[in-house]
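For reference, the structure is listed below as structure tokens.
The values are calculated or read from the model by the stated rules, or taken from the named source; none is laboratory data. It should be emphasised that the depicted structure is a prediction, and the values quoted were computed from it without experimental measurement. Quick reminder, even Gly has a Cβ in these numbers, built from the backbone with ideal geometry, and neighbours come from all protein chains shown. Only protein heavy atoms, including side chains, enter the accessible area calculation; ligands, DNA and RNA are left aside. Shrake-Rupley method; radii C 1.70, N 1.55, O 1.52, S 1.80 Å.
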Amino acid sequence: MVDTAPNALCFGDGFPATGVPCVVHVEGHGLTMAFLHNVHGTENGSDSVPFSDMTVSAGGLDHDQLVVKWNSPTEQRTLYLKNPDLIRAFRQAAPSHLSSPLERAAEQVRQVRKRHRLVWGVVGGSLLALVLGLWFGSDLLVELAVDRIPIEWEQKLGESAYRDFLGGQEVMEEGPVVAAVEEMTRRLANQIPDNPYRFDVTVVKSDVVNAFALPGGSVVVFTGMMKKAERPEEVAGVLAHELNHVLQRHGLERIVKQLGFVAVASIIFGNQQGLGQMMKQLGVELMTLKFGRAQETEADLTGLQLLYRAKIDPSGMITFFERLAEKDEGRVELLSTHPMSSSRAEQLKAELAAMPTVTPEPFVFEWDKIRTSLGVSTSTGS
Amino acid sequence: MKSEILYPGAFPMVRVEFGEGEHIKAESGAMVACSPTIDIESKMEGGFLGALSRKFLTGEKFFFQTLRASRGAGEALLAPTVPGEIVVLELDGVNEYMVQKDGFLAGADGIAIDSQMQSMSRGLLGGEGFFILKMSGKGMLVLNSFGAIHKIELKPSQEYIVDNSHLVAWSTTTSYNIEKATSGWVASFTSGEGFVCRFRGPGVVYIQSRNPRGFGSWVRQFLPASE
């Protein structure tokens, strides 16, 4: 019986299956064991084994324990050593005939650890590659997927969302305002070669300063936005931006991308609650945010070019966006809640400066009459 | 500190008697009743990061309860959530156990609980996930199972095959490989066993007589379909 803390487990035929805890010391001739409990086949609760009688190997759940075996007069005994200091002392004291099995055991441990590291490295690397691939290669994948979706599907999708939205809104069916918006849309649409979409523009009576486009060609303009505009070119600028969202199939790309990310995030994070769920949400939001900004820039630039081709003063688009961003900081819900940033305006100005000048052709309608019919006082200009 | 299992069988409780100042940690929600001298504290075992890794890696609870007899001797009754047996082990400082994530009920303060990463094959196919709990240290360890607990004692080099969903705890002197239940892939799954663990002694393997996942699928067929 001993007082010191045990540092090894001894197994044998008459021993319990959990092993008997013992204190092992490395001596010059071999190992001595002092058992915590009196066990059968030992003298005074202690035992010893010379190096010459033992064999060694690696064992245990992670192959990180040194297994020492020997034959006692009555049975085979096995000792499991885990303490690194004890294993080190054993290796230093062991005679030459044990050095090659010890080296083999150490090699086995190294192999197991190496394999673990390799497998986890490959898995971690693959996951990283998947995430990076999605981040950088997703646009291409989404484009490939979107290209395979027929325009008719897109129109049906857009129409159902359009009907849902219009259900609760007061639509302006006819009048000078509708005619003006239709004229602008016609002039813009005429400049789109091989246009597969039929643009269906609806004017909704609402003070919300907004306009949006749905997949398939449905465009909604709020009277609030028209009241805010000082020139018809400004409204045309917003329309050109929105029509390009339709032409570039941005809504569809967004749907495909969001669906894809939810699926991938579910595979990576599983159905975890709490942090896992939060990471999943965050990942999807971040990806769509990045995507959304890229789409806005694309719609800005192609919108500007469309205005130019339609001989509508393109500066209207820039001034309108800039004014809204300055005057109603954070309050204006413009273009899918993407406020005009100054860098976006600068980019558009640079683009415009690079274009050859063109003489704009005026609209047929009279803007003052439109504003009057919208209830805006023309004398104050706002 | 003394412990006693009450009502052994499907719905047991464990009574732990505390001397003044003694304390144990238990799974959050394990306390059923206790003396007024026992204080219950919520503790993140292993610090915030340790608790976080346990919660997200092994699915164990973020907080453990600490039951402390701060105002004199007393007792506490503890019970697991699921019906099944309770077993009390005494760790001596060298014996270590791996415990599946729902198997821990309570432990003396000297017991260290870590989440440990398994190898890829064990993580993928072992049915316990990539991270499991490793119990080391010295003192009382209370485990619970789904169904009855059966102890398999393995002599050195002795082998035993266990269906992976029935594992509760196993000593770290054992080793195991994951293998198909039968020689063919199709038969492995049609036999209903899929993958099994081939354990090799020496050491002890605690198994549960019921498979929680199997029970879950059985119950699911009686639940009304949600929208």
TODO: Give the ranking of A:ARG323, A:ARG91, A:ARG117 by solvent-accessible surface, highest area first, calculated with a 1.4 Å probe.
DONE: A:ARG117, A:ARG91, A:ARG323
TODO: For B:TYR7, B:TYR97, B:TYR160, write out the residues from largest to smallest accessible area, computed with a 1.4 angstrom probe and no ligands counted.
DONE: B:TYR7, B:TYR160, B:TYR97
- [ ] Using a Förster distance of 30 angstrom, determine the FRET efficiency expected from the C-beta separation of A:SER377 and A:GLU173, and round it to 0.05.
- [x] 0.75
Task: A:PHE212 accessible area, 1.4 Å probe, all protein chains in place, Å² to nearest 10 - done: 40
Open item on the list: Tell me which GluC sites (Glu not before Pro) from segment A:125-226 have a DSSP coil assignment and no more than 16 other beta carbons within 10 Å of their own.
Closed with: A:GLU170, A:GLU173, A:GLU174
Task: Cα centroid separation - segment A:160-226 against segment B:11-45, whole Å - done: 68
Task: Amide N of segment B:2-43 lying under 16 Å from the label point, which is placed 7 angstrom from the Cα of B:ARG210 along Cα→Cβ - done: B:8-13
Open item on the list: If I model a spin label as a point 7 Å beyond the Cα along the Cα-Cβ vector, how far apart are those points for A:SER48 and B:PHE222 in nm?
Closed with: 6.6
- [ ] Would you check the accessible area of B:ARG220, probe 1.4 Å, heavy atoms only, in square angstrom rounded to 10?
- [x] 150
- [ ] Using the structure shown, list the pairs from A:LYS69/B:LYS138; A:LYS69/B:LYS2; A:LYS257/B:LYS180; A:LYS228/A:LYS257; A:LYS69/A:LYS114; A:LYS82/B:LYS25 with a Cα-Cα distance above 29 Å, or answer none.
- [x] A:LYS69/B:LYS2; A:LYS257/B:LYS180; A:LYS228/A:LYS257
- [ ] Can you bin segment A:8-105 into rounded, prolate or oblate? Criterion: square roots of the alpha carbon gyration tensor eigenvalues sorted a ≥ b ≥ c, rounded for a/c under 1.5, prolate for a/b above b/c, oblate for the rest.
- [x] prolate
- [ ] Set the Förster distance to 56 Å, then compute FRET efficiency between A:VAL112 and A:GLU361 from the Cβ-Cβ distance, nearest 0.05.
- [x] 0.10
Open item on the list: Can you compute the modelled spin-label distance between B:GLN158 and B:VAL82, with each label point 7 Å from Cα toward Cβ, in nm?
Closed with: 2.6
Open item on the list: So, R0 is 60 Å and r is the distance between the beta-carbons of A:THR74 and A:ALA145; what FRET efficiency does that work out to, to 0.05?
Closed with: 0.25
